[in-house]
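Note sheet for the following structure.
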Amino acid sequence: MTKQTTVRLPDDLADDAEAVARVRGVSVNQLIIDSLAAEIERVRADADFTARAQKLLERDREILDRLVK
């Protein structure tokens, strides 16, 4: 299953993305998918990021627990 979304890019970035995609022989859509997947893997491996995410998750859980009481 896929989800469609709209991405607004500055003209220069869009031009660069089109050029990179052409050279790689992929669509701009595939370039964006690959780039996002690589960034997500990078942040998953970042201990500081995961610690901050865990802290936010715990805070959200506390708020939700308070709301349902």
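Of Leu67, Gln30, Thr2, which is farthest along the charge dipole of the chain in the positive direction, counting Lys and Arg as +1 and Asp and Glu as -1 at C-beta?
Leu67
What net charge do the residues around Ser35 carry, taking every other residue with its C-beta under 14 Å from that of Ser35, with Lys and Arg at +1 and Asp and Glu at -1?
Surrounding charge for Ser35 is -3.
Any chance you could give the angle, 0 to 90 degrees and rounded to 10, that helix 11-24 forms with the longest Cα principal axis of the chain?
Around 70 degrees separate the two axes.
Given C-alpha coordinates of the chain, what is the ratio Rg to Rh with the Kirkwood estimate of Rh?
Here Rg/Rh amounts to 1.19.
Before I look further, what does the chain give for accessible area per residue, probe 1.4 Å, in whole square angstrom?
Computed with neighbouring chains in place, this is 94 Å² per residue.
For the chain, which whole-number percentage of the solvent-accessible area (1.4 Å probe, protein heavy atoms only) is attributable to carbon and sulfur atoms?
55 percent
Using only the alpha-carbon atoms, how far is helix 47-68 inclined from the longest principal axis of the chain? Give it as 0 to 90 degrees, nearest 10.
50 degrees
How far is helix 28-44 tilted, in degrees, relative to the longest principal axis of the Cα atoms in the chain, given as a value from 0 to 90 rounded to the nearest 10?
Once rounded, one gets 40 degrees.
Please get the size of the charge dipole for the stretch 1-50, origin at its Cα centre, with Cβ charges of +1 on Lys and Arg and -1 on Asp and Glu, quoted in debye to the nearest 20.
Taking the Cα centre of the stretch 1-50 as origin, the dipole is about 280 debye.
Could you report the accessible area of Asp34 in Å², rounded to 10, computed with a 1.4 Å probe on the protein chains as they sit in the structure?
Counting only protein heavy atoms, the figure is 70 Å².
The values are calculated or read from the model by the stated rules, or taken from the named source; none is laboratory data. These numbers were taken from a predicted model, which means no experiment stands behind them. In this analysis, Cβ positions are derived from the backbone assuming ideal geometry, glycine residues included, and neighbour counts consider all displayed protein chains. Heads up: the accessible areas ignore ligands, DNA and RNA and are worked out on the full protein's heavy atoms, side chains in. Shrake-Rupley method; radii C 1.70, N 1.55, O 1.52, S 1.80 Å.
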